[in-house]
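Just passing along the structure, written as structure tokens.
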Amino acid sequence: MAQDKDPPLMVRGFAIWRGWLDAPAQAAMVADISAVARAAPFVAPVTPGGRPMSVRMTVAGRVGWVTDRQGYRYAARHPSGVPWPPIPARVLALWRGVTGLDRDPDCCLVNFYGEGARMGLHQDRDEGDFTWPVVSVSLGDDALFRMGGADRGAGTESLWLRSGDVVVMGGAARLAWHGVDRLRFGSSRLLPQGGRINLTLRVVTSA
């Protein structure tokens, strides 16, 4: 699939595939994620220190990334006790197409950004094997994405991600600091009430 696309934009080791998903593919993926959210409803997460996060979260996959006062971790079930639904086939096809890997992700973290939501600079480092890439999919409103390096003090660069863009964080960028500063709320018509859905696909263990 990747061979049919223009080469990605490379920024600090982040591979940014502009417009990987066209409008019909975006709408189909939103429908898939809506089904995930019906099975495992969005929750309002808090950090281990008790600070509410501005995004809402759910998960599809074998395990799900969660955060609460017990810490950051992967859990086998939704906080309500129901199992996480499987990762939709279209999402798995995107992962295989953009990475070329046979190994599928264990977790598809789904973050919903409403008006005013953001995500502070962080590293994805709760996984057991950092040799696998992390893939991020943008659906809905434009988001100002900030990218740094593995060193927290290495400085950052930012660019606007649009609906249908896909970012691959592998190699030197796998443990790079990154975050979302803000949205252009209402910049997309994909989600009827506005906002942004971000999918983050991760391999949690090497097995």
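Restricting the search to region 178-207, which residues are in contact with a His (Cβ under 8 Å, 6 or more places away or on another chain) and crowded, with 19+ Cβ neighbours inside 10 Å?
Step one: list which residues in region 178-207 are in contact with a His (Cβ under 8 Å, 6 or more places away or on another chain), which gives 178-179.
Scanning region 178-207 gives a single hit, His178.
Based on this model, can you work out whether Ser136 counts as surrounded by 20 or more Cβ atoms within 10 Å (Cβ to Cβ) and over 22 Å from Ala60 (Cα atoms)?
Numbers: surrounded by 20 or more Cβ atoms within 10 Å (Cβ to Cβ): yes; over 22 Å from Ala60 (Cα atoms): no.
The answer is no for Ser136.
Pick from region 7-26 the residues that are in a loop (DSSP other than H, G, I, E, B) and of a type outside the set (D, E, K, R): which of them is surrounded by the fewest Cβ atoms within 10 Å (Cβ to Cβ)? Outline the logic, then answer.
In the first step, residues of region 7-26 are kept if they are in a loop (DSSP other than H, G, I, E, B); the result is 7-8, 12-13, 18-22.
Within this subset, residues satisfying the condition of being of a type outside the set (D, E, K, R) are 7-8, 13, 19-21.
Values: Pro7: 8, Pro8: 18, Gly13: 16, Gly19: 14, Trp20: 22, Leu21: 20.
Among those that are in a loop (DSSP other than H, G, I, E, B) and of a type outside the set (D, E, K, R), it is Pro7.
Something else about it: Restricting to region 34-60, give me the number of residues that are touching a residue at least 24 places away in the same chain (Cβ under 8 Å), surrounded by 18 or more Cβ atoms within 10 Å (Cβ to Cβ) and either closer than 21 Å to Gly179 by Cβ or in contact with a Cys (Cβ under 9 Å, 6 or more places away or on another chain) (or both).
Result for region 34-60: 7.
Ok, one more. With the structure loaded, tell me whether Leu144 is farther than 20 Å from Leu21 by Cα and free of Cβ contacts under 8 Å to residues at least 60 places away in the same chain or whether it fails that test.
On the way: farther than 20 Å from Leu21 by Cα: no; free of Cβ contacts under 8 Å to residues at least 60 places away in the same chain: yes.
Answer is no for this residue.
In region 84-116, what residues are of a type in the set (Asp, Glu) and within 24 Å of Ala143 (Cα to Cα)?
Taking region 84-116 and keeping what is of a type in the set (Asp, Glu), we get 102, 104, 106, 115.
Result: Glu115, single match.
Here is a further query. Looking only at region 14-32, decide whether some residue is in contact (Cβ under 8 Å) with a residue 40 or more places away in the chain and in contact with a Cys (Cβ under 9 Å, 6 or more places away or on another chain).
Of the residues in region 14-32, the ones in contact (Cβ under 8 Å) with a residue 40 or more places away in the chain are 14-23, 25-30, 32.
Now restrict to residues that are in contact with a Cys (Cβ under 9 Å, 6 or more places away or on another chain): none.
No, the conditions are met nowhere in region 14-32.
All of the numbers you see were taken from the coordinates with simple rules; none came from a lab. Here the structure is a predicted model, which is why all the values come from computation and not from measurement. Quick reminder, even Gly has a Cβ in these numbers, built from the backbone with ideal geometry, and neighbours come from all protein chains shown.
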